[in-house]
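Here's the structure, in C-alpha cells; my notes come after.
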Number of protein chains: 2
Amino acid sequence: MVIRDVDGDTKQRFACDSCGNIHYTNPKIVVGALSYWEDKVLLSKRAIEPRKGFWNVPAGYLEDFEKAEDGAIRETWEEAGTDIEIIQPYVIYNLPQANQVYIHFLAKLKDGIVRNGEESLESGLFTEEEIPWKEMAFTSSTFALRRFFRERPSGIFTVHLGTFPDKI
Amino acid sequence: MVIRDVDGDTKQRFACDSCGNIHYTNPKIVVGALSYWEDKVLLSKRAIEPRKGFWNVPAGYLEDFEKAEDGAIRETWEEAGTDIEIIQPYVIYNLPQANQVYIHFLAKLKDGIVRNGEESLESGLFTEEEIPWKEMAFTSSTFALRRFFRERPSGIFTVHLGTFPDKI
C-alpha cells in the first residue's frame with residue numbers, strides 16, 4: 001500500500017502498489033444502545049480485546065446497508081442476548097483518533113430478561129449505584145450513562161454531542 | 001476485485017485479486033447542517049451530480065479523523081460560504097440503499113451573510129413559504145426541514161430518526 005495523489009481529488013489516498021486500486025478510507029460508524037428496564041441499565045462485560053473484561057454499553061460497527069437503529073438492536077442481541085425497543089438517538093460521540101463516530105440510541109428492554117450473548121463474558125442490569133464506573137471499557141459509554149442518570153429524574157431526554165477526551 | 005471468505009471473519013469481503021489485500025467496506029457518514037438565521041433557513045443549489053441544479057441542506061461525506069460537527073461546519077463553508085454555530089444533533093437519517101447514514105445538525109448562521117461556495121451554483125436564505133420544495137435534491141433535507149418548521153413555533157427542538165423512503 002502506498003499513499004499518492006489521485007486525479008480529480010483534493011486529498012492523497014491509499015492505493016495498492018500492485019493493482020493500482022484506490023483504497024478509500026472513511027470514518028467508521030459505531031452504533032450502540034443505552035437500554036434500561038425500570039431503574040436499571042444494561043451493561044455487558046467484553047469477551048474480546050480491546051478492553052476485554054471491562055464493562056460497556058452494547059455497541060459495535062454498523063454493517064453495510066444496515067440502518068443505524070437496527071445495528072444497535074443487533075449488537076445488543078449479540079452482546080447481551082436481549083431484545084430492545086429504540087426510543088430515540090441519544091448521543092453522538094466522536095473518537096477522531098480511532099476514526100470513529102458513535103451513535104448511541106436510548107432504548108427500553110422489551111421483557112427485562114438478560115440472557116447474555118456470545119460476544120460477552122456476562123451481562124446484567126445495574127442501578128446507578130451498582131455501575132462499575134472504574135471498570136468501564138470506553139468513555140463513550142460513561143459519557144452516555146452520566147447524561148442518562150442526570151436526565152432520568154425529569155423524564156425528559158435530550159440529545160448529546162461529545163468528543164474523546166472531553167469531560168465525561 | 002473479487003468477493004471471498006476471509007479467515008476469522010463471519011462475512012464475505014471484497015479482496016484485490018492481484019495483491020490479496022482485503023478491502024473492507026463500511027457505511028459512510030454524511031454530515032450536514034440545517035442552519036437558520038431569523039425566520040429563514042440556508043439552502044444551496046448543487047453544482048455537481050447527482051441532482052445537479054437541485055437544492056439541498058449543505059452536507060457531504062465526513063472526512064477521516066474529522067469530528068462530525070466539524071464536518072458539518074466545513075461542508076456549509078464549502079457549499080454556502082458562511083460560518084455556523086452548531087446547536088445540537090438534529091436528524092439521523094438512514095439511506096441503506098446508498099450505504100449511508102446522515103447526521104444533520106441544527107445550527108445558527110454566525111452573521112447572516114451567505115457568500116455561496118465553490119460546490120454550489122447559488123446559496124440563499126429561505127422562509128418556509130419560499131423553500132423550493134419540489135426542487136429539493138434529497139429527501140434527507142426535506143425530512144429535516146419539515147421537522148424544523150414543525151418544531152420552530154415552540155422553540156423546543158428534539159431529535160429525529162428517519163429512513164428513506166419513509167414518509168418525509
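Hey, which of these cross-link pairs are over 21 Å Cα-Cα: A:LYS40/A:LYS134; A:LYS28/B:LYS67; B:LYS45/B:LYS67?
B:LYS45/B:LYS67
Roughly what % of DSSP beta bridges within the protein assembly as shown run antiparallel, to the nearest 5?
Of the beta bridges lying entirely in the protein assembly as shown, close to 65 percent run antiparallel.
Quick one: label points 7 angstrom along Cα→Cβ at B:ILE168, distances to the other copies in nm, smallest first?
Label-point distances to the other copies, shortest first: 4.0 nm.
Could you pull the Rg and Dmax for the protein assembly as shown, using just the Cα atoms, both in Å?
20.9, 59
With every protein chain present, what accessible area does B:TYR36 have (1.4 Å probe, heavy atoms only), rounded to the nearest 10 Å²?
40
Mind checking Rg over Rh on segment B:17-143, alpha carbons, Kirkwood formula for Rh? Could you put the intermediate results ahead of the total?
Values: Rg = 15.3 Å, Rh = 15.0 Å.
Dividing the radius of gyration by the Kirkwood radius yields 1.02.
Counting only the heavy atoms of the protein chains, how much of B:ILE156 is accessible to a 1.4 Å probe, in Å² to the nearest 10?
It works out to around 110 Å².
Please compute, for peptide B:130-141, the average count of beta-carbon atoms on other protein chains lying within 10 Å of each residue's beta-carbon.
Per-residue shielding by partner chains comes out at 0.
Can you sort B:PHE65, A:PHE157, B:PHE164 by solvent-accessible area, 1.4 Å probe, largest first?
In descending accessible area the options line up as B:PHE65, B:PHE164, A:PHE157.
Count the DSSP beta bridges whose two residues both fall in segment A:89-168, then state the antiparallel fraction as a percent rounded to the nearest 5.
60
Please find the FRET efficiency linking B:GLU85 to A:GLU78, where r is the Cβ-Cβ separation and R0 is fixed at 30 Å, and quote it to the nearest 0.05.
Approximately 0.20, to the nearest 0.05.
Where both residues lie in chain A, what percent of DSSP beta bridges are antiparallel, nearest 5? Mind dumping the intermediate values first?
Values: 28 of 42 bridges.
Roughly 65 percent of the beta bridges in chain A run antiparallel, per DSSP.
Evaluate the charge dipole of chain A about its Cα centre and quote only its size in Debye, nearest 20, assuming +1 on the Cβ of each Lys and Arg and -1 on the Cβ of each Asp and Glu.
Value, rounded to 20: 540 debye.
Consider the operator that turns chain A into chain B: which A residue has a Cβ nearest its axis, and what is that gap in Å?
Closest to the rotation axis on chain A: A:VAL159, 2.
State, to one decimal in nm and shortest first, how far the label point of B:ASN99 sits from each corresponding label point in the other identical copies (label point: 7 angstrom along Cα-to-Cβ).
1.5
Can you find, among B:ILE113, A:THR25, A:THR163, the residue farthest towards the positive end of the dipole of the protein assembly as shown? Put +1 on the C-beta of Lys and Arg, -1 on that of Asp and Glu.
Checking the options against the dipole of the protein assembly as shown, the answer is B:ILE113.
Starting at the first residue of segment A:66-83, write each ³J(HN,Hα) from the Karplus equation 6.51 cos²θ - 1.76 cosθ + 1.60 with θ = phi - 60°, in whole Hz, x for Gly and Pro.
After applying 6.51 cos²θ - 1.76 cosθ + 1.60, I find 9, 6, 4, 5, 5, x, 5, 5, 5, 4, 5, 5, 5, 9, 10, x, 9, 8 Hz.
With the label 7 angstrom out along Cα to Cβ, how close does A:GLU151 come to the same site in each of the other copies, in nm, nearest first?
Here A:GLU151 shows inter-copy label distances of 1.1 nm.
The values are calculated or read from the model by the stated rules, or taken from the named source; none is laboratory data. Bear in mind the structure is a predicted one, so any value in this text is a computation, not a measurement. Every residue, glycine as well, gets a Cβ built from its backbone with ideal geometry; the counts of neighbours run over all protein chains shown. Remember, those area values only see protein heavy atoms, side chains included, never the ligands or the DNA or RNA. Shrake-Rupley method; radii C 1.70, N 1.55, O 1.52, S 1.80 Å.
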